[in-house]
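See structure below.
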Amino acid sequence: MSRFWSPLVHGLTPYVAGEQPAMTGLIKLNTNESPYGPSPLAIEAMRAAVDDRLRLYPDPTARALRAEIAGQNGLDASQVFVGNGSDEVLAFVFQALLNHDAPLLFPDVTYSFYPVWCRLYGIDYRDVPLDGAMRIRVEDYRQACGAIILANPNAPTGIALPLADIETLLRDHPDQVVVIDEAYVDFGADSAIPLIARYPNLLVVQTFSKSRGLAGLRVGFALGQPPLIEALERVKDSFNSYPLDRITLAGALASYQDRAWFEACCGKVMASRERLSNALRDLGFTILPSSANFIFVTHAHHEAARLLQALRDRAILVRRFASTRTENYLRITIGSDEECDQLVAALRDLLN
Ligand SMILES: *Cc1c(COP(=O)(O)O)cnc(C)c1O
């Protein structure tokens, strides 16, 4: 606390990101990073971008990257907004599109950054409980609201919502923006992108951090009809004209172009997810059906908090969220098969 702070700052409760310890040799299954890293072509493109041109500002409109993303998704560049990680894109979305007289709706168990942005921007929100199986029921959203945001697949449950349900939501709320945060969609869920042409109220947000192995580069994007994109551009150009630097623009473009690397990495993660799920089931864990690059697991006879600490003592990091409904679950990122095997061995040992 300081007398120098703006009044707003006193009331903020910032988001707490998963730990990024300086220690080496850890098995890091706590922040949903890729075990495989970015496309080698992206690394090459970034190396080639490091030269005298860095004295020049980057393209403030990120034209080439937006055109590539648009092209691969059957959209026009005017339907694409890019930013410094999808967290920044989402921050713009909250400010530009989700602040209305009626409350914003999102699930009681979801990405814990959503309520943080609500407090930052003074947005009234209401959380809608997931059902007993930790699933989103779109009927529960049939209530007066200013807008809706859902992560699909949801985090940290990993459970995907069928496209038909998203379409129901869009039809139920023709006068409200419905944001689908697709941070994990590439690991087996259906993207809502094909619905953009028919629904002016739909905004889809994706990231390079998970399925493209580029969490360290900070690139995210939003897709929707031009009026929604224009709102985001207006906020961005009132905040920072150059959220993506020259190196990032080069790397992100090459990454998005390399479909073969992207598909191979997603395929490997999905195969490892099934393998790890089976191994943990054999140890007595209950595992929610995941379409993401993590699994959400609980054990009837072993407390999650204790397991997390015991794994930590063995240099294996996983994550736990301390709310009532989630406190006895662990969220485990899908690592390489080797990392998953070490996790299983440690758990087998701990459970005996
Ligand atoms: C990881 C994550 C993000 C943020 O991703 P960045 O692009 O790295 O900022 C957004 N939404 C959800 C649900 C996530 O899990």
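The values are calculated or read from the model by the stated rules, or taken from the named source; none is laboratory data. For clarity, every value in this text was computed on a predicted model and none was experimentally measured. Here Cβ is always computed from backbone atoms with ideal geometry, including for glycine, and neighbour counts include all displayed protein chains. For accessibility, only protein heavy atoms count, side chains too; no ligands or nucleic acids. Shrake-Rupley method; radii C 1.70, N 1.55, O 1.52, S 1.80 Å.
Annotations
For every residue, the table says whether it meets (1) more than 11 Å from the ligand (Cβ to nearest atom); (2) open to solvent by 20 Å² or more (accessible area, probe 1.4 Å).
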| position | (1), (2) |
| --- | --- |
| GLU182 | no, no |
| ALA192 | yes, no |
| VAL204 | yes, no |
| LYS210 | no, yes |
| GLY216 | no, yes |
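- Subset of the range 70-108 (residues that are within 15 Å of the ligand (Cβ to nearest atom) and in a helix (DSSP H, G or I)): GLY85, SER86, ASP87, GLU88, VAL89, LEU90, ALA91, PHE92, VAL93, PHE94
- Residue selection: ARG119 satisfies the criterion of being more than 16 Å from the ligand (Cβ to nearest atom) and under 30 Å from TYR329 (Cα atoms).
- The one condition in (1) within 30 Å of VAL219 (Cα to Cα); (2) charged (D, E, K, R); (3) in contact (Cβ under 8 Å) with a residue 12 or more places away in the chain that GLU274 fails to fulfil: (3)
- Residue match in the range 282-291 (condition: out of contact with any Ser or Thr (no Cβ under 6 Å at 6 or more places or on another chain), open to solvent by less than 30 Å² (accessible area, probe 1.4 Å), aromatic (Phe, Trp, Tyr) and outside any helix (DSSP H, G or I)): yes
- One residue alone among VAL93, VAL128 is surrounded by 14 or more Cβ atoms within 10 Å (Cβ to Cβ) and touching a residue at least 40 places away in the same chain (Cβ under 8 Å), and that residue is VAL93.
- Only one entry in SER277, SER241 is closer than 30 Å to ASN201 by Cβ and out of contact with any Cys (no Cβ under 6 Å at 6 or more places or on another chain), namely SER241.
- Counting residues in the range 153-170 that are within 16 Å of the ligand (Cβ to nearest atom) and surrounded by fewer than 20 Cβ atoms within 10 Å (Cβ to Cβ) gives zero.
- The selection criterion, being among the β-branched types (Val, Ile, Thr) and under 20 Å from ARG259 (Cβ atoms), does not hold for VAL177.
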